């Protein structure tokens, strides 16, 4: 099946000196003066002709980004943000197969199946995933067993874990490895605890992310999608000035957001501040309507309130 440039990848490197931080509107400036100061980082755009090509190029781009970041600091633990939704699922499964293949190569027992999964443009990119910590960019306020849960998506596709509810533990959510699970004994994955009341869920996730970013020096890479309305993570337009200021406040980190466009109204999302601070950003854009939104955003990059995905232009002074 052939498609005409309706799948596209964008890499936004950000500030390679250690990540950018967004320009924060002055507390004393008038609303009309509160405009973003924009940088123009070099961007890599990859147009894909089919879903298969999109998945292969996504894997290659992410592995190359990880390789560059790991090589830049051999002792650093990388921090990678993961988005949910339908688009990144195949990429997460491919990353798991790449991790399995790397461990088997290290042991000298690479299997034909794992070798096939990591073949092609990415076969030479050996990544030690024990040096990568992950966090969830946003989540729906549902249990991890819910079909729309982003925790469930990541656990199943990236880590190869079965997500289940244990009736003997009061219905608590538990995870157990499948036969084709993540090859490392443990994995570092931070996500919101949606079993808690919303205010406690937000506070606990803020604390968890704050500790993660403090330990490892910020976000190195974030994988992002974008809605055709321009929403990013679970930051939905239009943003009021109060919502915008909360999303760029360095101490906020995570917020409760809502939407009437989708069936799960309540969400938990990291802020634009967290996303903008990532050293590298990979956007996975599929579909003509989303590409149209992207190009509209490119033509008027200061409309963050109406198109939150404009955040990627928010870099430090």
Inset, instruction - Determine whether residue 257 is farther than 27 Å from residue 68 by Cα, modelled with pLDDT of 85 or more and buried (at least 18 other Cβ atoms within 10 Å of the Cβ). - result: yes
Legend entry - Candidates 264, 274, filtered to the one that is in a loop (DSSP other than H, G, I, E, B), under 28 Å from residue 195 (Cβ atoms), within 20 Å of the chain's Cα centre (by Cα) and touching a residue at least 40 places away in the same chain (Cβ under 8 Å): 264
Legend entry - residue 269, sole failed condition from (1) assigned to a loop (DSSP other than H, G, I, E, B); (2) buried (at least 23 other Cβ atoms within 10 Å of the Cβ): (1)
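Listed here are the residues, each with its yes/no results for (1) surrounded by fewer than 23 Cβ atoms within 10 Å (Cβ to Cβ); (2) more than 14 Å from the chain's Cα centre (by Cα); (3) in contact (Cβ under 8 Å) with a residue 12 or more places away in the chain.
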site	(1), (2), (3)
69	yes, yes, yes
73	yes, yes, no
85	yes, no, yes
88	no, no, yes
Inset, instruction - State all residues of segment 43-67 that are buried (at least 20 other Cβ atoms within 10 Å of the Cβ) and at pLDDT below 90; if no residue qualifies, say none. - result: 48
Inset, instruction - Only residues that are assigned to a loop (DSSP other than H, G, I, E, B) and either more than 21 Å from the chain's Cα centre (by Cα) or at pLDDT below 85 (or both): list them for segment 238-251, please. - result: 238, 239, 240
Legend entry - Looking only at segment 114-143, and only at residues there that are assigned to a loop (DSSP other than H, G, I, E, B) and modelled with pLDDT of 95 or more, the one that is nearest to residue 76 (Cα to Cα): 137
Inset, instruction - Return a yes/no flag: does segment 203-225 have any residue that is over 27 Å from residue 76 (Cβ atoms) and modelled with pLDDT of 95 or more. - result: yes
Inset, instruction - Being over 19 Å from residue 137 (Cβ atoms), part of a helix (DSSP H, G or I) and modelled with pLDDT under 75 is the filter here, so list the residues in segment 277-315 that pass it. - result: 298, 299
Inset, instruction - Look through 109, 40, 97 and report the one residue that is modelled with pLDDT under 85 and more than 26 Å from residue 272 (Cα to Cα). - result: 109
Inset, instruction - Being in a loop (DSSP other than H, G, I, E, B) and either crowded, with 17+ Cβ neighbours inside 10 Å or in contact with a helix residue (DSSP H, G or I) (Cβ under 9 Å, 6 or more places away or on another chain) (or both) is the filter here, so list the residues in segment 186-217 that pass it. - result: 186, 187, 188, 191, 192, 193, 194, 195, 196
Inset, instruction - Identify, by number, the condition in (1) surrounded by 13 or more Cβ atoms within 10 Å (Cβ to Cβ); (2) closer than 22 Å to residue 247 by Cβ; (3) at pLDDT below 50 that residue 32 doesn't meet. - result: (1)
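The values are calculated or read from the model by the stated rules, or taken from the named source; none is laboratory data. What you see is a predicted model, and the numbers here were worked out from it, not measured in a lab. Please note: Cβ atoms are built from the backbone with ideal geometry, for glycine as well, and neighbour counts cover all protein chains shown.
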